[in-house]
Protein chains: 8
Amino acid sequence: MAPLVGIIMGSDSDLPTMQGAIAVCEEFGIATEVAIISAHRTPERMVEYAKSAHQRGIKVIIAGAGGAAHLPGMVASLTPLPVIGVPVPSRHLQGVDSLYSIVQMPAGIPVATVAIGNAKNAGLLAVQILATHQAELLNKVQQYRQTLSESVMAKQEKLEELGYEQYLKQMP
Amino acid sequence: MAPLVGIIMGSDSDLPTMQGAIAVCEEFGIATEVAIISAHRTPERMVEYAKSAHQRGIKVIIAGAGGAAHLPGMVASLTPLPVIGVPVPSRHLQGVDSLYSIVQMPAGIPVATVAIGNAKNAGLLAVQILATHQAELLNKVQQYRQTLSESVMAKQEKLEELGYEQYLKQMP
Amino acid sequence: MAPLVGIIMGSDSDLPTMQGAIAVCEEFGIATEVAIISAHRTPERMVEYAKSAHQRGIKVIIAGAGGAAHLPGMVASLTPLPVIGVPVPSRHLQGVDSLYSIVQMPAGIPVATVAIGNAKNAGLLAVQILATHQAELLNKVQQYRQTLSESVMAKQEKLEELGYEQYLKQMP
Amino acid sequence: MAPLVGIIMGSDSDLPTMQGAIAVCEEFGIATEVAIISAHRTPERMVEYAKSAHQRGIKVIIAGAGGAAHLPGMVASLTPLPVIGVPVPSRHLQGVDSLYSIVQMPAGIPVATVAIGNAKNAGLLAVQILATHQAELLNKVQQYRQTLSESVMAKQEKLEELGYEQYLKQMP
Amino acid sequence: MAPLVGIIMGSDSDLPTMQGAIAVCEEFGIATEVAIISAHRTPERMVEYAKSAHQRGIKVIIAGAGGAAHLPGMVASLTPLPVIGVPVPSRHLQGVDSLYSIVQMPAGIPVATVAIGNAKNAGLLAVQILATHQAELLNKVQQYRQTLSESVMAKQEKLEELGYEQYLKQMP
Amino acid sequence: MAPLVGIIMGSDSDLPTMQGAIAVCEEFGIATEVAIISAHRTPERMVEYAKSAHQRGIKVIIAGAGGAAHLPGMVASLTPLPVIGVPVPSRHLQGVDSLYSIVQMPAGIPVATVAIGNAKNAGLLAVQILATHQAELLNKVQQYRQTLSESVMAKQEKLEELGYEQYLKQMP
Amino acid sequence: MAPLVGIIMGSDSDLPTMQGAIAVCEEFGIATEVAIISAHRTPERMVEYAKSAHQRGIKVIIAGAGGAAHLPGMVASLTPLPVIGVPVPSRHLQGVDSLYSIVQMPAGIPVATVAIGNAKNAGLLAVQILATHQAELLNKVQQYRQTLSESVMAKQEKLEELGYEQYLKQMP
Amino acid sequence: MAPLVGIIMGSDSDLPTMQGAIAVCEEFGIATEVAIISAHRTPERMVEYAKSAHQRGIKVIIAGAGGAAHLPGMVASLTPLPVIGVPVPSRHLQGVDSLYSIVQMPAGIPVATVAIGNAKNAGLLAVQILATHQAELLNKVQQYRQTLSESVMAKQEKLEELGYEQYLKQMP
């Protein structure tokens, strides 16, 4: 099964954050390719990757980076595909720098930015993009939402049953 | 031609910002529907709109809002479609509040956020999402990129010809 | 005793923060109902809850949420009751995102916002609102204030007795 | 008609901001008293005002201030009544200082904070607080909400009629 | 020896921060009085303290507070004495709220603000203020500075002797 | 009359801000010396000025600067006198950079920082420092406070007389 | 004379900011080349420019960009030459986004960042870098500093002559 | 071998951060001198150091400081050499204060600022500056870049080999 979503990151230290995106795609049965591609340390490989991705059948690219975080925007400038950016939390500025560097793109080259550190949502967004043309996948998205809703309802029932003090005690 | 992109905003005061998204879709020949839907003043109409959009053939929703800016996230929670959020600049906080309210969505419900006030990029992102399954549209995206590039090159030539001092003088 | 204050939160992970509100209401003898209601994962249940609250005798709603934090504002848009918002601290932005998303509501739909993470004050505010029409409760608020004052005075006396160095040593 | 809502501000330069609160109360037929009381320049008058307000029949206090903005919090510490704080926009920090000074109150003394510069919402919140015990006023709040909703709908109809380009041209 | 410097704080939880001010005054032989006085929980005691301080021989007041941090500014409004404000670090906003609430005072009522958490400097500033009229104390300030300088020189010598790698190893 | 307060600034573009400090000192009859001394463009003159000020009879130094704003802190490191820092508003960061550069001094070298752009308060603080040892000046400070208070009361009376709508109309 | 300093910017709208860098180089007799090169709209031309610059005799590159501002960092990743970054002020965030995107580079690829909007300093830094190996240029830098110092002294003399009130009146 | 790069810091507590700069210079075979020089505690030694550095053969100065962080800018004002500033992370503001104090220098006196806490990049920038006139050193910079690139490639290969789940498990 050829990968439909490319998930790239600037450093292997971003992998613990980015695994959320990979896991979600797997959960929805979407084949991915995962790569460490640094805008600053492997700029030419990045150019090559970004320019060829749509030719290899990739439909959406998810790019995570922290600090100056140029990877998502640079890849977006080199591909016609939609690029989803994940601001990886940074050490001193907690990801505000990553967020600004990724979201504040100039007119002409958008990056679809998700919350700081929230790679899971990047994966879901990729799924939703693919689902715009796959009725079955759209159904799965709705089932997923149903599951989210039921999980909240289950907690609510437990809370009613236990009362808030007991509930708090049994929380991890 | 049935609309493929729904472009909604919390108030008509957001329209000067949001027109960039409408214009780009038109430029790419994508039919849109434009609506003023307030998360706070017409919450039930918002629920109805968001829940039915995919059934009416809408593929992508672009939602702009400022300040507390709940519209994009609430619509995203009610539709399986990808939702693009435009943080409209706010009076006192210049759109930092709008940005945080739109981008910092919890796991499960992503909003594809673009730069503060940059509705044009929201339109382009919608086009790119549609283009993932329309080869012709993908070509148009690449031609658009080519035009951006040529426009920079034309400015560079003019700069070389005039020198920077003359160039500055003829700028508007 | 029918509940007068509805205390809701977007996730059970908000409960450790929100218990301060519940405890204060109990301390003042005010009956509460506690519920996990997510603006994003159970949007329709939220609509239902918010629209019916005042019909069931609820007088004040306290809503806590973190990050994009749409719950307080959305509930406020659906009920005529006063809504108190508690910005729950977020992981990367420490609750600045929660605060902006809750407090920066547009004209027409206020949320009475308290300090980041300070659910206790949300509870007290609910009590004070109820006390505007219950002379006895107003007395209790004043006694509570008296207790706060006495607690400061007791510490001051202890500080004078021990000196600051001994005082510091016996602090937990 | 004895005033039910006290509307105070630190300086007459806050009056252009604070008039929104006065106007809303008038619109709902709520009698108000308006006063310039500075926490820093008339501290003792502030103490007197705050301590006696509930004895004179005041049910809610709205306090606006900018910069260090101590007025709402200090009044709150001296009265058992609910105090609504309006962060008045400041010259250099646009009201972020006002917001933090008003909302970040310590446990025990809440201030119900509204958006920066949004005194209208402070007025509405006062009305909603009074309405918790006046069924007729609660009805009025719901009618007001209905009006907000209709005003959005009217704009939507006009937008559909004119198209967005004509709509933009006729905007003021 | 009658105290010349009043060192007050809003809560005993500020004492670990504020002890730096007490210790410095002691080091310079300046008698102090230390008190827990809360602007919000003991407002009237604060008024009394602030109004009488200069009559009891106090020359400078040091006030520390966190969050909304009204104590320094309110005391400053009630005394003709110079008031030094110490922004105590807050839990979620790290003291930015405390800093803004203390430093952004309106024209007419200054608070001499020092760095977040830096009560030691508040003590030194109090000493320097007293030294403007005590030649001997001014000498002590200069000797203190000399000591600071020598301590840096000693570290530099040790660094030259050990080299930076050894120096790092012996650091605590 | 030998000057008691040195008022210095990094550039003549700071003079419109700093004149507030000069005017207040004049109002209280305190002789000042005013100088343009740049930490970065005339560093050696700054060293000389700071080291000799107390020998020439100066008791307090007020230093204003914007952006990196090193002048107040550097002067403080070179004089035993109390130094008051005025953060001059900067073009892009509105004085947040100036504030941080001035207030966040390391342990050992305090700068008494006032609000962004509030040189008037720097002048008042200098007066209050001098007043710690001049009973007559302390009286003047109290009279000044009385005037502030009366000015607020006069506005309040006018507001009561005119009503808020008329008051707003006659405001400049 | 072959250019030694390459001055590039992402858009011709950055030229009014960047002219300061060009003018300073001219003032010091350093030949420059000026180019509009967009990281996002002409990414491949950027790669080519950055990779070849040192081969064409360029010694230092100055790059200005606003918002996501990837140009300086991307060029730095592709050249062994020192790259100086100028954060161009952005519309909504005043250049904080530009600053973070430029300065927060990962280990391995530095960008020498100057103040927001301060292209003049970028030019001076380029001159200082070249001067590390040209004694004559180092002399010019020192003369330039001397001129800065004299300009401050001239203003000081004028201030002493006119007094601050007259000085303010004759300011532009 | 006479040192070419002076590496200075305001306190020995900055050494753990600053060692990155020393190590990089050593790696490239550049002789350094390391010194603890405080702008505030040893201002005169700082003046002496900065004024004489270029006479002793130093070509570049790297200065690290935290908080008010005046060292880099003050040294820059006293030397014609390029000065590289390292914002050392501060306790409460995480280095935002250090960054602003270092980067926001006025026109005339640049400081080449690197990322918060990123002394390694300061060292690399110094090497690149020296390399502008040493072909061999320029080669080394390019080899270093090659190594960075290869290190990324090696991680990518390992990732492909192990898969992301195994890769995560073997991460430290």
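Every number here is computed from the coordinates shown, using simple stated rules; none is lab data. In this text the structure is predicted, and so the values were computed from the model without any measurement. Here Cβ is always computed from backbone atoms with ideal geometry, including for glycine, and neighbour counts include all displayed protein chains.
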Do any of F:K59/F:K140; C:K51/D:K140; H:K140/H:K169; A:K51/G:K51; E:K140/F:K51; E:K59/F:K140 go past 24 Å between their Cα atoms, and which?
-> H:K140/H:K169
In whole Hz, the Karplus estimates of ³J(HN,Hα) for the stretch E:4-11 (6.51, -1.76, 1.60; θ = phi - 60°; x where Gly or Pro) are 9, 10, x, 10, 10, 8, x, 7
For the stretch F:31-172, what is the largest minus smallest coordinate of the Cα atoms on each principal axis, given in angstrom and ordered from greatest to least?
-> 59, 43, 27
When a footprinting reagent is the concern and you count Cβ atoms within 10 Å, what order do C:V83, G:V141, H:V24 take, fewest first?
-> G:V141, H:V24, C:V83
For the stretch F:87-101, 3J(HN,Hα) per residue [Karplus equation, 6.51 cos²θ - 1.76 cosθ + 1.60, θ = phi - 60°, Hz, x = Gly/Pro] | x, 7, x, 9, 5, 9, 9, 6, x, 5, 4, 4, 4, 4, 5
With eigenvalues of the C-alpha gyration tensor scaled by 5 and rooted, the protein assembly as shown, Å | 45, 45, 28
Mind checking which aspartates and glutamates have their C-alpha under 18 Å from G:K158, skipping anything on the same chain fewer than 8 residues away?
-> F:D12, F:D14, F:E33, G:E150
Would you work out the charge dipole size for the protein assembly as shown about its Cα centre, treating the Cβ of every Lys and Arg as +1 and the Cβ of every Asp and Glu as -1, and quote it to the nearest 20 debye?
-> 0
Whole Å is fine, so just give me how far the alpha carbon centre of the stretch C:133-153 lies from that of the stretch G:32-87.
-> 66
What is the dipole size for the stretch A:111-172, taken about its Cα centre, with +1 at each Lys and Arg Cβ and -1 at each Asp and Glu Cβ, in debye to the nearest 20?
-> 240
Could you tell me how many degrees, from 0 to 90 and to the nearest 10, lie between the Cα long axis of helix E:43-52 and the main elongation axis, the longest principal axis, of the Cα atoms of chain E?
-> 80
Highest-fluctuation residue, D:G123, D:G67, D:G57 considered, GNM on chain D with Cα pairs under 10 Å | D:G57
Tally Lys/Arg at +1 and Asp/Glu at -1 over every other residue whose Cβ is under 15 Å from the Cβ of B:T113; what's the total?
-> -2
Can you run phi through the Karplus equation (6.51, -1.76, 1.60; θ = phi - 60°) for the stretch F:124-141 and list ³J(HN,Hα) in whole Hz, with x for Gly and Pro?
-> 4, 5, 4, 4, 5, 5, 5, 5, 4, 10, 9, 3, 5, 5, 4, 4, 4, 4
Could you state the orientation-averaged shadow area of the convex hull built on the Cα atoms of the stretch E:68-115, in nm² to one decimal?
-> 2.9
Among C:T79, C:T32, C:T42, determine the one that fluctuates most according to a GNM of chain C built with springs between C-alpha atoms less than 10 Å apart.
-> C:T42
Charge dipole of the stretch A:37-111 about the Cα centre (unit charges at C-beta), most positive-ward option of A:A68, A:Q104, A:P43 = A:P43
Which residues does a label at B:A23 reach in the stretch G:31-66, if reach means a backbone N under 20 Å from a point 7 Å past the Cα toward the Cβ?
-> G:41
Lys, Arg +1 and Asp, Glu -1 on Cβ, resulting dipole of the stretch B:35-155 about Cα centre, debye, nearest 20 | 160
Computed label-point distance, nm, for sites A:T147 and B:M1 using a 7 Å Cα→Cβ extension = 3.8
Shielding by partners - mean other protein chain Cβ count within 10 Å, residues of C:134-146 = 2
The set of residues whose placed amide H lies less than 5 Å from the amide H of F:I62, leaving out same-chain residues fewer than 5 positions away, is F:G6, F:I7, F:I8, F:I84
Working from the pairwise distances between different alpha carbons, so that the mean of 1/r is found and then inverted, what is the stretch F:94-169's Kirkwood radius in Å?
-> 15.7
15 Å beta-carbon shell around C:M171, net charge (K/R +1, D/E -1) | -1
Quick one: grab Rg to one decimal and Dmax as a whole number for the stretch E:1-76, Cα atoms only, in Å.
-> 11.8, 35
D from A by rotation - nearest chain A beta carbon to the axis, in Å = A:V96, 7
E:S11 neighbourhood, Cβ < 10 Å, K/R = +1, D/E = -1, net charge 0
